[in-house]
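What follows is a short report on a single structure.
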Amino acid sequence: MMESKHKEQICEENDRIASLKKFVPDAKSVDEMVDLFKILSESNRFKIIHLLNNAPNLSVTEISKVVGMNQPAVSQHLKILRMYGILKWQKQGTQVRYAISLGNIIETYKQVLKFLSTLVKNAVLFE
C-alpha cells in the first residue's frame, strides 16, 4: 500500500511538472528576449530609442545634440540598434534619418510585453 501511494505521488508530481513546462519559453525565444534586454539595458541606447519613439526621422547630428553625445558614439549605437532590427534608416539628401522599426523582431517585442505584463500582474500576489 505504501508503495502504491508513493507511485501515485510520483505520478502527480510528474503531471504537475509537465503542466508547468508550458510557462517556460523555448530556447530561441529566451535568447531573443535576453538579447533585446541587453540592447535596451545600455543607457545611451535607451535614450536614443526613447527619443526616436517620440520624435522619429532624426539625423545623427540631431540625435547627438539632443542626447549630449558625440556623433561617432551615437553612430555606433545606431549601428547596433539597426543590426538588431530596432531602427530603420532612410537617406534624405546628404543625411540619413532614423526611426523606430519593429522589423522582424516584432514577435520578440510581443513576448517581452506579455512577460512584463504577467510579471506586474502576478507581483501583487506576494505583497
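Values in this text are rule-based calculations from the coordinates and carry no lab data. Owing to the predicted nature of the structure, the values given are computational and were not obtained by experimental measurement. So basically every Cβ, Gly included, is an ideal-geometry build from the backbone, and we count neighbours across all protein chains shown.
Summary table
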read-out	value
Entries of 28/114; 38/79; 47/79; 79/110; 47/114 with Cα pairs more than 20 Å apart	79/110; 47/114
Over the chain, volume per residue of the alpha carbon convex hull, in Å³	141 Å³
Loop-resident sites, region 1-86, for GluC sites (Glu not before Pro), counting at most 14 other Cβ within 10 Å (DSSP)	42
Computed magnitude of the charge dipole of the chain (debye, nearest 20; Cβ of K, R +1, Cβ of D, E -1)	720 debye
Listed residues 54, 66, 17: farthest to the positive end of the dipole of the chain (Cβ charges)	66
For residue 97, distant residues with modelled amide H under 5 Å away	90, 91, 92
Kirkwood-based Rg to Rh ratio, region 1-48, C-alpha trace	1.45
Reciprocal mean inverse distance between Cα atoms of region 56-99 - Kirkwood radius, Å	10.4 Å
